[in-house]
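Working notes, structure below.
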Amino acid sequence: MQRRVDEIEIDEDFEEPEDGPVLNQEDDVATVLSDEPEHLHNIVAFFLFGLINNFCYVVILSAAEHIFEDHSGAVLLAAATPGLVLKLLYGFGVHTIPYSIRIAVISLVPFSVFFIIAGVESTAIRLSAIAFVSLVGGLGESSFLSLTATYSSKTIGAWSSGTGGAGTEQPKWI
């Protein structure tokens, strides 16, 4: 059904107060809180966790040919598939793991994989370690992106900046 613009009634006597809109009891609390500035520590935390979450993944993808000269395709497959599967299955129970455990795993595990890849000659163990980093990266991405729903929209920007920062930091490590 189409309506013409000239049929809309406009209250020409309405004047908005100088100090902004008046809030009444019917206003949603979330709407009122969303206008408050985000705490700096939340923004920094989301940036750092975005950086940590993607750093190991980016380094492994960039160094795929150096890790396995003849099996770089296997490295790329091991680095992408497990994380994708975890993201698809996240809603079926992964969310029941407490955030404190998830954050500890997301923060500590990826860097230990560097030592495994560098110190072990077994192709199967190296590929397993890379697949495990993929799982942890998928867990981090799913966990933090779902967590941004409880904070202001600035946190998702900080998370995205952190993941992009991982891409700029990786040339220093290869």
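Side notes on the structure shown:
- Selected residue (criterion: surrounded by the most Cβ atoms within 10 Å (Cβ to Cβ)) from residues of segment 60-72 that are over 15 Å from Ile116 (Cα atoms) and within 22 Å of the chain's Cα centre (by Cα): Leu61
- His39 buried (at least 16 other Cβ atoms within 10 Å of the Cβ), at pLDDT below 85 and either farther than 19 Å from Gly140 by Cβ or not polar (S, T, N, Q) (or both): no
- Counted as qualifying within segment 82-174 are the helices (runs of 4 or more DSSP H) with 2 or more residues that are crowded, with 19+ Cβ neighbours inside 10 Å, in contact (Cβ under 8 Å) with a residue 40 or more places away in the chain and among the polar types (S, T, N, Q), namely 123-147, 154-169.
- Where Tyr57 falls short, out of the listed (1) at pLDDT below 85; (2) surrounded by fewer than 21 Cβ atoms within 10 Å (Cβ to Cβ); (3) in contact with a helix residue (DSSP H, G or I) (Cβ under 8 Å, 6 or more places away or on another chain); (4) not β-branched (Val, Ile, Thr): (2)
The values are calculated or read from the model by the stated rules, or taken from the named source; none is laboratory data. If you're wondering where the values come from, they're calculated on a predicted model, not measured in any experiment. Positions of Cβ are generated from backbone atoms using ideal geometry, with glycine treated the same way; all protein chains shown enter the neighbour counts.
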